[in-house]
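Student: Let me begin by handing over the structure; questions about it come next.
The values are calculated or read from the model by the stated rules, or taken from the named source; none is laboratory data. Being a predicted model, the structure only gives us computed values, none of them experimental. A quick note on method: Cβ atoms are made from the backbone with ideal geometry, for glycine too, and the neighbour counts reach across all protein chains shown.
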């Protein structure tokens with residue numbers, strides 16, 4: 001069984017999380033500059049077996065797509081062309097940044113650490129992945 005890779009796509013930075021090979025634990029992987037994301041994923045896929053990719057679906061409170069969604073769709077087209085064998089799933093990512101901030105606070109991180117946007121993005125990707133893992137199928 002392969003890993004599941006999660007993406008919290010942002011216009012500048014993108015947070016990534018991954019499961020263990022048994023798909024039990026979701027862990028933060030890293031944060032990369034978005035313009036390098038496709039190359040990073042290709043390199044990761046060359047080293048690790050990934051069976052699925054989960055991408056956050058940014059929607060407003062009224063269920064309309066956020067302004068980031070067209071950029072995500074463009075990225076997903078490129079990803080699908082480069083790696084058509086890997087299915088992509090979407091997960092509602094509402095409130096993940098707030099949950100990431102709260103988990104950092106609960107974890108006792110100092111204020112300067114909580115202001116690290118790259119860390120927030122990585123934790124948000126982990127929350128997206130954990131949400132996906134918790135979904136009943």
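Student: For residue 123, only one of the following conditions fails: (1) modelled with pLDDT of 65 or more; (2) more than 14 Å from residue 55 (Cβ to Cβ); (3) loosely packed, with under 13 Cβ neighbours inside 10 Å. What is its number?
Tutor: Only one criterion is unmet by residue 123, namely (3).
Student: Scanning for something at pLDDT below 95, part of a strand (DSSP E or B) and within 15 Å of the chain's Cα centre (by Cα), does segment 94-105 turn up at least one residue?
Tutor: No.
Student: Next question, about the same structure. Please verify whether residue 45 is in contact (Cβ under 8 Å) with a residue 24 or more places away in the chain, at negative phi, out of contact with any strand residue (DSSP E or B) (no Cβ under 7 Å at 6 or more places or on another chain) and not in a loop (DSSP other than H, G, I, E, B), treating the condition exactly as stated.
Tutor: yes
Student: Considering only segment 32-68, how many residues are at pLDDT below 95 and surrounded by 17 or more Cβ atoms within 10 Å (Cβ to Cβ)?
Tutor: Number of matching residues: 3.
Student: Can you say whether residue 24 is under 20 Å from residue 135 (Cβ atoms), touching a helix residue (DSSP H, G or I) at 6+ places or on another chain (Cβ under 9 Å) and at pLDDT below 95, as far as the supplied structure shows?
Tutor: yes
Student: Additional query: Within segment 54-67, which residues are part of a loop (DSSP other than H, G, I, E, B) and closer than 17 Å to residue 16 by Cα?
Tutor: 58
Student: Shifting gears a bit: Looking at (1) surrounded by 16 or more Cβ atoms within 10 Å (Cβ to Cβ); (2) more than 17 Å from residue 119 (Cα to Cα); (3) free of Cβ contacts under 8 Å to residues at least 40 places away in the same chain, can you tell me which one residue 4 breaks?
Tutor: For residue 4, the failing item is (3).
Student: Kindly indicate whether residue 79 is in contact (Cβ under 8 Å) with a residue 12 or more places away in the chain, assigned to a helix (DSSP H, G or I) and touching a helix residue (DSSP H, G or I) at 6+ places or on another chain (Cβ under 7 Å).
Tutor: yes
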